[in-house]
Amino acid sequence: MAESLFKDESEAQLSSDPWPASIGATPVDAIPVAQVSSQGLPLPIEVQPLKILWSAAIVLTLIHIVLLLAFVPWTFTWLFTWSGLVLAILGHFVFGMLGVTIGYHRLLTHRGFTCPTWLGHTLAVLGMCNLQDSPARWVAVHRMHHRHSDQQADPHSPLVSFMWGHVGWVVHRHKVFDRTIHYAPYVGDLLRDPFYRRLERHDAWLLVFIAHAVLITAAGALVGYIAGGASEALRYAASWAVWAVAVRTVLVLHGTWSVNSLAHMFGYRNYATKDASTNNWLVALFTHGEGWHNNHHADPQAASHGHRSWELDMSWWVIRLLEAVGLVKNVVRPKAWGS
Ligand SMILES: [Zn+2]
Ligand SMILES: [Zn+2]
């Protein structure tokens, strides 16, 4: 993990290498945003002509409205309980880190380690509780992103515009991702498992999200009732629904979206990859290590995204822990570590 490991440039091309001519002559962290954006990468052909994906637009708007309600002064004082805030933070780790970062991304998309089927399915269920699509569709989008990073066919390059890379792509129809049969070639490995196939039917994954929201709200009602009777039951139920579900879900969503937008625009680069990916410490802190995104594009299968000793990657610590207790195996280390 030490910096000396990067001395072998046959293993790891450091950023002293020339920046790809197609992007510009200097490293990305020296290019102002406007200049990057003005290069005007065209929208993917598959989204043209642009059509709003109303189901996604409405659901995402609603959950942001619920989140905003939490910060209106009167509702804030009424809805706020420390338990709601604690659960929101805890949920960011349980659902965001275990579900999306470790489950959807490092396991299902990149196969950075192997684990028992029950554990893989559990991580996938936690992933579905973040309103980020079915496992198969999420993985298909992300594999396409890696195949065409920051080229026209990339489904969410911020070189089109920051907003497109962040959230615009989520709320527009994409001809490949509109039906499972269209994106099945990207996720044949997942769809061989009946568990993932069933989740594709009738947006079954969305029922998992709704079920977890109902369960958390009901648990809040129970705790509130025990704490102070019927009026507290209502207050705790509302508080947990808003903080532990809506606020946490929106935070995890923007974390994932920031990897696609900010970590392709701002930060430093260890590797001269052919895309604009960067290592962004702020995104890395907020997404449990996903912000070391230039490292990840250089070595996608590695289960650790932090390559240097100070590139803290909390998701990697969890994977190491699971490996130490024998729950995960065949953990892929970064090539730069030399083993
Ligand atoms: Zn990327
Ligand atoms: Zn990836």
* Working only within the stretch 227-255, note down all residues that are among the polar types (S, T, N, Q) and over 15 Å from F209 (Cα atoms). => S231, S239
* Asked: Which residues, taken from the stretch 289-339, are within 14 Å of ligand 2 (Cβ to nearest atom), outside any helix (DSSP H, G or I) and touching a helix residue (DSSP H, G or I) at 6+ places or on another chain (Cβ under 8 Å)?
  -> G289, E290, G291, W292, D299, P300, A302, A303, S304, H305, D313, P334
* Show the residue pairs that are 6+ apart or on different chains and have beta-carbon atoms under 8 Å apart, the first residue being within the stretch 271-299 and among the aromatic types (F, W, Y), the second being in a strand (DSSP E or B) and modelled with pLDDT of 95 or more. => W292/N279
* Evaluate the following for V318: is it under 16 Å from T109 (Cα atoms) and in contact (Cβ under 8 Å) with a residue 12 or more places away in the chain? => no
* Asked: Residues of the stretch 46-60 being loosely packed, with under 11 Cβ neighbours inside 10 Å and not in a loop (DSSP other than H, G, I, E, B), which ones?
  -> W54
* For the stretch 129-181, what are the residues that are within 23 Å of T61 (Cα to Cα), assigned to a helix (DSSP H, G or I) and more than 16 Å from ligand 2 (Cβ to nearest atom)? -> F162, M163, W164, H166, G168, V170, V171
* Asked: Q132: touching a residue at least 60 places away in the same chain (Cβ under 8 Å), of a type outside the set (D, E, K, R) and farther than 25 Å from F209 by Cα, yes or no?
  -> no
* Asked: Are any of the residues in the stretch 269-287 within 11 Å of ligand 1 (Cβ to nearest atom), of a type outside the set (A, V, I, L, M, F, W, C) and closer than 13 Å to H110 by Cβ?
  -> no
* Asked: Being over 26 Å from V167 (Cα atoms) and in contact with a strand residue (DSSP E or B) (Cβ under 6 Å, 6 or more places away or on another chain), is that true of even one residue in the stretch 273-286?
  -> no
* Residues in the stretch 266-276: is at least one surrounded by fewer than 19 Cβ atoms within 10 Å (Cβ to Cβ), under 14 Å from the mean Cα position of the chain (by Cα) and more than 12 Å from ligand 2 (Cβ to nearest atom)? -> no
* **Residues that are under 23 Å from N130 (Cβ atoms) and without any contact (Cβ under 8 Å) to a residue 60 or more places away in the chain, drawn from the stretch 321-339** => L321
* Select, from L234, L190, L206, the only residue that is buried (at least 20 other Cβ atoms within 10 Å of the Cβ), assigned to a helix (DSSP H, G or I) and not acidic (D, E). => L190
* Asked: Of all the residues that make up the stretch 219-253, how many are free of Cβ contacts under 8 Å to residues at least 24 places away in the same chain and either charged (D, E, K, R) or within 16 Å of ligand 1 (Cβ to nearest atom) (or both)?
  -> 1
* **Which listed residue is farther than 21 Å from D154 by Cβ and in contact with a helix residue (DSSP H, G or I) (Cβ under 9 Å, 6 or more places away or on another chain), from W78, W138, W74** => W78
* Please specify each residue of the stretch 70-84 satisfying the condition of being surrounded by fewer than 16 Cβ atoms within 10 Å (Cβ to Cβ) and either in contact (Cβ under 8 Å) with a residue 40 or more places away in the chain or in a helix (DSSP H, G or I) (or both). => P73, W74, T75, F76, T77, W78, W82
* Test result for V331, among the β-branched types (V, I, T) and within 21 Å of R143 (Cβ to Cβ) -> yes
* Structure fact -> Filtering the stretch 96-128 for residues that are within 16 Å of ligand 1 (Cβ to nearest atom), within 21 Å of P185 (Cβ to Cβ) and in a loop (DSSP other than H, G, I, E, B) leaves a count of 1
* Only one of (1) touching a Phe, Trp or Tyr at 6+ places or on another chain (Cβ under 9 Å); (2) part of a helix (DSSP H, G or I) fails for A272. Which number is that? -> (2)
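The values are calculated or read from the model by the stated rules, or taken from the named source; none is laboratory data. All figures in this text were calculated on a predicted structure; none of them were measured in a lab. FYI the Cβ positions are ideal-geometry reconstructions off the backbone, even for glycines, and counts take in every protein chain you see.
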